[in-house]
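Colleague: Quick one: this structure, given as structure tokens, is what I'll be asking you about.
The values are calculated or read from the model by the stated rules, or taken from the named source; none is laboratory data. Owing to the predicted nature of the structure, the values given are computational and were not obtained by experimental measurement. Here Cβ is always computed from backbone atoms with ideal geometry, including for glycine, and neighbour counts include all displayed protein chains. Just the protein is used for accessible areas: all its heavy atoms, side chains included, with ligands, DNA and RNA removed. Shrake-Rupley method; radii C 1.70, N 1.55, O 1.52, S 1.80 Å.
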Amino acid sequence: IPEAQRSAYTTRWEDIEEDLAREAFSELFSHIRMVYRKSKPKGTLIKEFKEHVTALASPVGFMDKLLEPMARAFQEITDAAYDGTATSKQVNEHLKWLNRLEFNDWVPPALAYFTRHSGNPERILQFVQDLERLAYALLIMGRSINVRIDRFSRVTGEVEIGADLSDPQSALQLTVKERGEVSAELDGAVYENYAPRARTAIALRLDSLLSGGGATYDYPVISVEHVMPQTPKAGSEWLNAFPDAVERASWTHRLGNLALLTRRKNSAAWNYDFPVKKTAYF
């Protein structure tokens, strides 16, 4: 950067770093690298930045046209703080659910889209709605990090060339086969098939959809627990209601037998018969 401008640009750089905080500032650079590289890292961040982030050719342009717009978008996305439009509340609701996920592979395409279409709230809303659906579908289908990175990188590429993201062939859209797979997974042993954070995110998202958004959970700890216990005690009502061990096992870990609870309430109920458990739960 020309010497006469260095002090001003240094201040702007430090302001961005202060606004985001150091850890998030570092994370932003990893996401920018992914926007350009579109694959897992194969070298150091600095090395890959120099090789793939073409905007670095002009340091002033990098600051003006890439880093500052990306930083603004990153803050809106990770804080679920898209503001100033009639659709802001809906956009931020989708962003909130995206940020609940245990992975953040979805951030690079979101950065690419927000920096290009921030002035078009209707398009932003449609994009985050579709992006959230894709991200949760990949979670439910148990896709590996490599598969997720490839899929989200394809979305980023489509954003960059201005492709029609509503086209059924777009990487942003679920195929008919994928929709069927999601349905099949949700009809299976959800508790057993997912790690705690993943199954809590899935259960909370489904609960919000089924309640029309009316149910909210602001407790510091939320757990997914069984209604019928995994191991009912001898002589319990559960064994009378479900005498067939195979049938009982088939229902134990499915959505119909799961409830969202605070940990405190769970410890009060645990292995009891239904009337006692229901009183403790409600």
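Colleague: Does the range 105-218 come out rounded, prolate or oblate, given a ≥ b ≥ c as the square roots of the eigenvalues of its C-alpha gyration tensor, rounded meaning a/c under 1.5 and, failing that, prolate meaning a/b above b/c? Don't skip to the answer; put the middle values down first.
Modeller: Working: a/c = 1.98, a/b = 1.45, b/c = 1.37.
Since a/c reaches 1.5 and a/b is larger than b/c, the shape of the range 105-218 is classed as prolate.
Colleague: If I model a spin label at Arg263 and Asp79 as a point 7 Å from the Cα along the Cα→Cβ vector, what separation in nanometres do I get?
Modeller: 2.9 nm
Colleague: Let me ask something else. Using a ≥ b ≥ c from the Cα gyration tensor of the range 1-157 (square roots of the eigenvalues), is it rounded, prolate or oblate, where a/c under 1.5 gives rounded and otherwise the larger of a/b and b/c decides, a/b for prolate?
Modeller: Details: a/c = 2.07, a/b = 1.34, b/c = 1.55.
It comes out oblate by the Cα gyration axes.
Colleague: Determine the shape class of the range 152-235: with a ≥ b ≥ c the square roots of the Cα gyration tensor eigenvalues, call it rounded for a/c under 1.5, and otherwise prolate if a/b is greater than b/c, oblate otherwise. Each step should come with its number before you reach the end.
Modeller: Values: a/c = 2.87, a/b = 2.06, b/c = 1.40.
Judged from the Cα gyration tensor, the range 152-235 comes out prolate (a/c at least 1.5, a/b above b/c).
Colleague: If you don't mind, another one. With charges only on Cβ, +1 for K and R and -1 for D and E, what is the dipole size of the chain about its Cα centre, in debye, rounded to 20?
Modeller: That gives a dipole near 580 debye.
Colleague: So what does Lys38 come to for accessible area, using a 1.4 Å probe and Å² rounded to 10?
Modeller: Spelled out: Lys38, probe radius 1.4 Å, area about 60 Å².
Colleague: Same structure again: Any idea what the relative contact order of the chain is, in percent, if you count C-alpha pairs under 8 Å spaced at least 6 apart?
Modeller: That works out to 13 percent.
Colleague: Then there is this: Would you check the accessible area of Trp251, probe 1.4 Å, heavy atoms only, in square angstrom rounded to 10?
Modeller: 110 Å²
Colleague: Which one of Ala21, Ala80, Ala171 has the biggest mean-square fluctuation once the chain is modelled by GNM with Cα springs under 10 Å?
Modeller: Ranking Ala21, Ala80, Ala171 by mean-square fluctuation puts Ala21 first.
Colleague: Mind checking which of Leu101, Leu206, His253 is farthest towards the positive end of the range 98-255's charge dipole, using Cβ charges of +1 (Lys, Arg) and -1 (Asp, Glu) about the Cα centre?
Modeller: Leu101
Colleague: Please name whichever of Ala112, Leu138, Tyr82 sits farthest to the positive end of the charge dipole of the range 78-154, dipole taken about the Cα centre and charges placed at Cβ: Lys and Arg +1, Asp and Glu -1.
Modeller: Checked the options; the winner is Leu138.
Colleague: Roughly how much of Phe274 is accessible, in Å² to the nearest 10, using a 1.4 Å probe?
Modeller: 80 Å²
Colleague: Mind giving me the nanometre distance, one decimal, between the label points for Asp187 and Ala57, set 7 Å out from Cα along Cα→Cβ?
Modeller: Taking the simple label geometry, Asp187 and Ala57 are separated by 5.3 nm.
Colleague: Can I ask one more? With equal scatterers on the alpha carbons only and no solvent term, can you work out the Debye log10 of I(q)/I(0) for the chain at 0.15 1/Å?
Modeller: Log10 of I(q)/I(0), two decimals: -1.16.
Colleague: Please get the size of the charge dipole for the range 182-242, origin at its Cα centre, with Cβ charges of +1 on Lys and Arg and -1 on Asp and Glu, quoted in debye to the nearest 20.
Modeller: Dipole size: approximately 120 debye.
Colleague: Still on this model: State which entries of Lys38/Lys96; Lys38/Lys65; Lys96/Lys278 exceed 26 angstrom in Cα-Cα distance in the structure shown. Before the final figure, lay out each step's value.
Modeller: Values: Lys38/Lys96 24 Å; Lys38/Lys65 20 Å; Lys96/Lys278 30 Å.
Violating the 26 Å limit, Cα to Cα: Lys96/Lys278.
Colleague: Please report the carbon-and-sulfur percent of the accessible area for the range 1-112; probe 1.4 Å, protein heavy atoms only, DNA, RNA and ligands left out.
Modeller: Carbon and sulfur atoms account for 51 percent of the accessible area of the range 1-112.
Colleague: Could you run the Karplus curve 6.51 cos²θ - 1.76 cosθ + 1.60 with θ = phi - 60° over the range 63-68 and give me ³J(HN,Hα) per residue in whole Hz, x for Gly and Pro?
Modeller: Going residue by residue, I get 5, 6, 9, 10, 5, 5 Hz, with x marking Gly and Pro.
Colleague: Moving on to the next point. Compute the distribution of all C-alpha to C-alpha distances in the range 176-282, in bins of 5 Å from 0, and list the percent of pairs in each, rounded to whole numbers.
Modeller: Going out from 0 Å in 5 Å bins, the range 176-282 shows 2, 11, 20, 22, 20, 14, 7, 3, 1, 0 percent.
Colleague: A further question on this structure: Among the aspartates and glutamates, select those whose C-alpha is under 15 Å from the C-alpha of Lys40, and discard any that sit fewer than 8 residues away in the same chain.
Modeller: Cross-link targets: Glu27, Glu48, Glu51, Asp105, Asp150.
Colleague: Projected area of the range 1-91, taken from the Cα convex hull and averaged over every viewing direction, in nm²? Write down the numbers at each step before the final one.
Modeller: Details: hull surface 28.5 nm².
Mean projected area for the range 1-91: 7.1 nm², to one decimal.
Colleague: Then there is this: Lysines near Lys277 by alpha-carbon distance under 28 Å, same-chain residues fewer than 8 away left out - which ones?
Modeller: Partners within reach: Lys233, Lys265.
Colleague: Going from the alpha-carbon gyration tensor of the range 81-167, what semi-axes, largest first and in whole Å, does one get by taking the root of 5 times each eigenvalue?
Modeller: 21, 16, 10
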